[in-house]
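The values are calculated or read from the model by the stated rules, or taken from the named source; none is laboratory data. Remember, predicted model here, so these are calculated numbers, not experimental data. Quick reminder, even Gly has a Cβ in these numbers, built from the backbone with ideal geometry, and neighbours come from all protein chains shown. For the accessible areas, the whole protein counts, side chains as well, though only heavy atoms, and no ligand, DNA or RNA atoms are used. Shrake-Rupley method; radii C 1.70, N 1.55, O 1.52, S 1.80 Å.
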Amino acid sequence: MGASILSDFGAEILIPVCAVIGIAFSLVQWVLVSKVKLSPGRESVNNGSGAKNGYSDYLIEEEEGLNDHSVVLKCAEIQSAISEGATSFLFTEYQYVGIFMVAFAILIFLFLGSVEGFTSKSQPCTYDKSKICKPALATAAFSTISFLLGAITSVVSGFLGMKIATYANARTTLEARKGVGKAFITAFRSGAVMGFLLAANGLLVLYIAINLFKLYYGDDWSGLFEAITGYGLGGSSMALFGRVGGGIYTKAADVGADLVGKVERNIPEDDPRNPAVIADNVGDNVGDIAGMGSDLFGSYAESSCAALVVASISSFGINHELTPMLYPLIISSVGIIVCLITTLFATDFFEIKAVKEIEPSLKRQLIISTVLMTIGIGIVSWIALPSSFTIFNFGDQKAVKNWQLFLCVAVGLWAGLIIGFVTEYYTSNAYSPVQDVADSCRTGAATNVIFGLALGYKSCIIPIFAIAISIFVSFSFAAMYGIAVAALGMLSTIATGLAIDAYGPISDNAGGIAEMAGMSHRIRERTDALDAAGNTTAAIGKVSSCFRLSMTLISSFISVWHNKFVLHFQGFAIGSAALVSLALFGAFVSRAAISTVDVLTPKVFIGLLVGAMLPYWFSAMTMKSVGSAALKMVEEVRRQFNTIPGLMEGTTKPDYATCVKISTDASIKEMIPPGALVMLTPLVVGIFFGVETLSGVLAGSLVSGVQIAISASNTGGAWDNAKKYIEAGASTHAKSLGPKGSDPHKAAVIGDTIGDPLKDTSGPSLNILIKLMAVESLVFAPFFATHGGLLFKLF
């Protein structure tokens, strides 16, 4: 079979070096952003050199010729209020999540330790009974440690993302006074800080954990990587609460602010007279930033763990070939370098000079990263893989060539790009679908809702076909591992994807600060243009994530369905879901010793039905939670407008703190039931109904969850950009629907309000539901296989 060109020592050096480069690059971007000062005064002039990105310009030199230092002070004051509110919420949330984290860690240890009666004696290996592996008690202990490690890293990722975003939002506002190009660069650099920091930290922590665990496990690689899956479980379980809690917070404030402020009081978005405006901007950071950061970390961790689990029972793990075994991590390492080069195209190689250039620049990021990553994958596949090897395939070993594995990764990468462009078509106001939704507002909110829902449903068609084709191609080449690395290929550009995702909320916050600071309408137009482009690319990321998720889970399910003995991009929120579903769901089936999964048997079919229902149950809970919290917010905002004298005239300040408290209390209270549903379902099904029914639940939740997640994200994104299309009035058609405050605009605002919980709470959280249930099932598979199915044993 031959050996890989890259030595084991080279692989062990390459991975941490790329991670350190990513961290260093993020720090450089942070230093550049920090050159925009949040204090009055002039910055040093670089002898007229006129640096392209504007950092040598006077800070408050406006095109309108104004030079008002008080505006800078106002921006700093608002930024401080947003940062304090976000920090306070996250600390409160983490207190509750911390209790869960400790309790669930104890549960993992007790359940897994009981598989062999808490014995410390070595046991026959799961996949090769002729060999002796580490005891179940060791798996319980190391799974618990990796769970805690993943949970802590996820929390830190979300918190750092929030701090970076609140550091950059006012700076983006101030740079917008000098031009849209400088504002774009500031927002994008800030997003890059978060993107590279998260990707590099996730890679580095996982690599260190593997090496530390290896000190104990030695040659027992299947046991080592089975224990490492706890890392993904910890990351995703924290992400679930971060996404749901943050999503409820931000959408409760957003809906309350829009319904009363825009629709009833006819005041602009983010008007400082609106009592919910600070809570709204805080929500952008705790939901769209902190929640997203934890979410994507969880996806990244689960995706990597899933691929490693499959590899450990293939020839790489059996023959202890370290470099090929670390192939998934090497792909991620090269991805950091590719994303670094790609980022320079947005910040240094090309300059944004007009609003119309923003969205093409973001699109260029997706294309460049995909092209460069294809080349990088080819090189990695050539030097890190033997010319031929075998992959675990339904109990047998399938012969695979290195070029076939390259094609598996490439097909996933390019399928993700295609799905991204389809998503852009359905969510960007530059194309007819969103313009049709905006036009439907002529006849009121009802037709707007009808058109938006139809758009979301229709937008599922091409992504689902792309998923099916990618599964078939990848599985044909390299069985389950082919599907796992195809998903990982899309996830390899997570730094760029996360930079684009974070850019959107930062731009949205910048617009809010501009409005509250009383800046001119020209500044708000620029920040709105930045935000509109961010909404489209964010939707691309969410759907790409769904793709990875589906691909992973479906692929696993296919392998299960075929078999005996089988074995998550978000791009971003779903990168883990893809590999978790594939490797983790597939690995769950093989780890639970299921010889075949027959959908015609009652045990499996009832699981399919219940699993397909779960995303609807979960979505109902999160949607109602947003609605309940928004109802309290609307009542409070109305009360303040009606009872505080001079509020509408702008002579009195509203009570921002009460609205912040409403969002905080509601989100903390309402995030628990949906989280409990996701975390308890695999445990209840596995213990009382057994592993076969649980495999049906996982497959059913995937099939319906992917459809709902795609349609929810695209419907919400389309409604949001239809509203912005009318507000911008950039075309004759858009002007005929406006201006702000017109009946079509009010109808668009209602549609946008309905879409908020769809695209920012329920949709993204569904990605976590699918992947989290899969990885949890894998972690507890030994316990379910040994002690599960109590009801069927009784009858």
Checklist entry - Going by the structure shown, is GLU357 open to solvent by less than 10 Å² (accessible area, probe 1.4 Å), in a helix (DSSP H, G or I) and of a type in the set (Asp, Glu)? => result no
Item to check | segment 725-738: number of residues that are open to solvent by 20 Å² or more (accessible area, probe 1.4 Å) and assigned to a helix (DSSP H, G or I) | outcome: 7
Item to check | Residues within segment 1-39 that are over 30 Å from ALA183 (Cα atoms) and either part of a loop (DSSP other than H, G, I, E, B) or in contact with a Pro (Cβ under 6 Å, 6 or more places away or on another chain) (or both), tallied | outcome: 7
Checklist entry - Restricting the search to segment 648-667, which residues are assigned to a loop (DSSP other than H, G, I, E, B), open to solvent by 30 Å² or more (accessible area, probe 1.4 Å) and not charged (D, E, K, R)? => result MET648, GLY650, THR651, THR652
Checklist entry - So which of VAL566, VAL589, VAL599 ends up being more than 26 Å from TRP719 (Cα to Cα), β-branched (Val, Ile, Thr), modelled with pLDDT of 70 or more and outside any helix (DSSP H, G or I)? => result VAL599
Item to check | Unique residue being among the polar types (S, T, N, Q), modelled with pLDDT of 85 or more and buried (at least 18 other Cβ atoms within 10 Å of the Cβ) when the list is SER80, SER26, SER7 | outcome: SER26
Item to check | Residues (open to solvent by less than 30 Å² (accessible area, probe 1.4 Å) and closer than 24 Å to ALA86 by Cα) located in segment 668-678 | outcome: ILE668, MET671, PRO674, GLY675
Item to check | Residue within segment 465-479 that is modelled with pLDDT under 85, within 19 Å of the chain's Cα centre (by Cα) and on the phi < 0 side of the Ramachandran plot present | outcome: yes
Checklist outcome for this item: Only unsatisfied item for LEU203, checking (1) under 25 Å from ASN319 (Cα atoms); (2) touching a helix residue (DSSP H, G or I) at 6+ places or on another chain (Cβ under 6 Å); (3) at pLDDT below 90; (4) not small (Gly, Ala, Ser), is (3)
Checklist entry - Would you call GLY223 out of contact with any Phe, Trp or Tyr (no Cβ under 6 Å at 6 or more places or on another chain) and either small (Gly, Ala, Ser) or under 15 Å from TYR94 (Cα atoms) (or both)? => result no
Checklist entry - If you go through segment 606-614 one residue at a time, do you hit one that is under 21 Å from the mean Cα position of the chain (by Cα) and modelled with pLDDT of 75 or more? => result yes
Next on the checklist: Being buried (at least 24 other Cβ atoms within 10 Å of the Cβ), in contact with a Cys (Cβ under 9 Å, 6 or more places away or on another chain) and either assigned to a helix (DSSP H, G or I) or at pLDDT 90 or above (or both) is true for just one of ALA699, ALA709, ALA718. Which residue is that?
Outcome noted: ALA709
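Could you please let me know if ASN281 is assigned to a helix (DSSP H, G or I) and either modelled with pLDDT of 85 or more or in contact with a strand residue (DSSP E or B) (Cβ under 7 Å, 6 or more places away or on another chain) (or both)?
Judged against the criteria, ASN281 is a match.
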Next on the checklist: Can you tell me which condition LEU405 does not meet? The list is (1) surrounded by fewer than 20 Cβ atoms within 10 Å (Cβ to Cβ); (2) more than 30 Å from ASP720 (Cα to Cα), and all the others hold.
Outcome noted: (1)
Checklist entry - Would you say TYR217 is aromatic (Phe, Trp, Tyr), open to solvent by less than 10 Å² (accessible area, probe 1.4 Å) and in contact with a Leu (Cβ under 8 Å, 6 or more places away or on another chain)? => result yes
Next on the checklist: Against the definition (of a type outside the set (A, V, I, L, M) and outside any helix (DSSP H, G or I)), how does PRO272 come out, yes or no?
Outcome noted: yes
Next on the checklist: Quick check on segment 376-394. Is at least one of its residues at pLDDT below 90, open to solvent by 40 Å² or more (accessible area, probe 1.4 Å), of a type in the set (S, T, N, Q) and over 25 Å from ASP528 (Cα atoms)?
Outcome noted: no
Next on the checklist: It is to be established whether one or more residues within segment 434-450 are farther than 21 Å from GLY738 by Cβ, open to solvent by 50 Å² or more (accessible area, probe 1.4 Å) and assigned to a helix (DSSP H, G or I).
Outcome noted: yes
Next on the checklist: So the check is Cβ under 7 Å with 6+ separation or different chains; which pairs have a first residue in segment 82-94 that's within 9 Å of PHE159 (Cα to Cα) and a second one that's buried (at least 23 other Cβ atoms within 10 Å of the Cβ)?
Outcome noted: LEU90/MET162; LEU90/VAL286; LEU90/ALA290
